[in-house]
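Report on one structure; see the data block that follows.
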DNA sequence: ATAAAACACTTGCAAATCGCAAGTAATATT
DNA sequence: AATATTACTTGCGATTTGCAAGTGTTTTAT
């Protein structure tokens with residue numbers, strides 16, 4: 001995931017150049033759920049990302065303006081990673097991934113329940129979720 | 001992209017296990033635009049996928065039920081690749097990728113024009129596009 | 001009928017990336 | 001002052017990528 005140059009002007013291709021790998025959207029997901037995470041928080045996620053890969057993805061996501069890194073208010077040893085507006089705007093995309101997976105795969109009951117709400121009124125759900133996320137932006 | 005086992009039950013993670021790489025959604029994109037492609041058609045796409053990578057991705061997409069391979073009606077030397085219903089159902093996701101990229105990157109004028117239509121009435125656009133794609137399913 | 005071209009891949013191989021384990025430097029806790 | 005946390009970095013073998021060339025079948029041209 002190093003200095004990946006643009007393969008073409010196509011929006012799909014340009015997007016994949018940035019987050020088209022197995023880990024970037026996992027990090028985005030964690031930040032959408034938790035609003036803000038430390039490096040250690042992200043390491044703990046279920047999929048067990050390797051520490052060097054996490055570091056490289058965080059750098060790439062920051063370079064591409066999807067996340068921001070800021071000082072932790074309580075400790076100089078920690079940093080906070082948050083989504084930027086550009087990262088928050090990936091929410092509709094994340095919702096669609098969820099809905100697609102819900103249609104074709106077995107999901108945990110808890111997740112399925114949450115998606116019921118989404119399906120009830122997608123527009124409204126996204127609107128609410130977006131404004132919730134926006135409040136955390138530094 | 002070989003026999004990738006599931007990292008977790010999360011819908012994002014499950015989805016990325018299947019198409020979370022730099023090439024799979026490029027192939028899906030081409031099939032959405034062209035409705036059906038031969039191997040050679042896909043090789044010609046702007047991003048210049050390597051032939052061995054194309055072969056491996058086609059196999060993986062077929063194994064995962066996103067695309068289907070069928071005989072070409074005009075020639076025994078050719079095969080047709082098409083989206084399955086599961087592949088077609090990635091359309092809303094592809095639309096959101098386009099809209100996100102449209103917001104944050106410079107797109108070709110032609111593509112921007114097409115997206116104007118989408119933004120005018122997203123629901124309707126998707127509905128129409130889905131039924132257009134559905135007609136091609138073998 | 002035969003040779004050349006087209007088509008869909010496969011193979012070989014060097015280079016890049018991944019992922020595990022261990023290490024480092026700064027800060028925090030005891 | 002010693003130990004633990006935190007956020008990474010480094011080393012290294014294994015896997016994946018991407019380029020180039022090759023293979024086998026079918027189609028087209030002569």
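What follows draws every value from the coordinates through simple rules; no lab data is involved. A quick note: this is a predicted structure, and the numbers were derived from the prediction, not measured. Here the Cβ positions follow ideal geometry from the backbone for every residue, glycine too, while neighbour counts run over all protein chains shown.
Just a few scattered comments:
- Förster radius 41 Å - calculated FRET efficiency between residue B:76 and residue B:121, Cβ distance, rounded to 0.05: 0.40
- Rg then Dmax, both in Å and based on the Cα atoms of chain B: 15.6, 45.
- Rg to Rh, two decimals, where the stretch B:1-63 supplies the alpha carbon set and Rh follows Kirkwood: 1.00
- Taking B:23, A:100 and counting other C-beta atoms within 10 Å, the order from fewest to most: A:100, B:23
- For the stretch B:48-118, the fraction of alpha-carbon pairs lying more than 19 Å apart is 56 percent, rounded to a whole number.
- Normalised alpha carbon radius of gyration of the protein assembly as shown [divisor 2.2 N^0.38 Å]: 1.02
- Residues B:5, B:78, A:122, sorted so that the one with the fewest Cβ neighbours within 10 Å comes first: B:5, B:78, A:122
- When both the stretch B:76-130 and the stretch A:69-84 are represented by their alpha-carbon centers, they are found 37 Å apart.
- Sorted ascending by nearby beta carbons within 10 Å, beginning with the fewest, B:104, A:105 become A:105, B:104.
- Averaging the sequence gap over all C-alpha pairs within less than 8 Å and six or more residues apart, then dividing by the number of residues, gives chain B a relative contact order of 21 percent.
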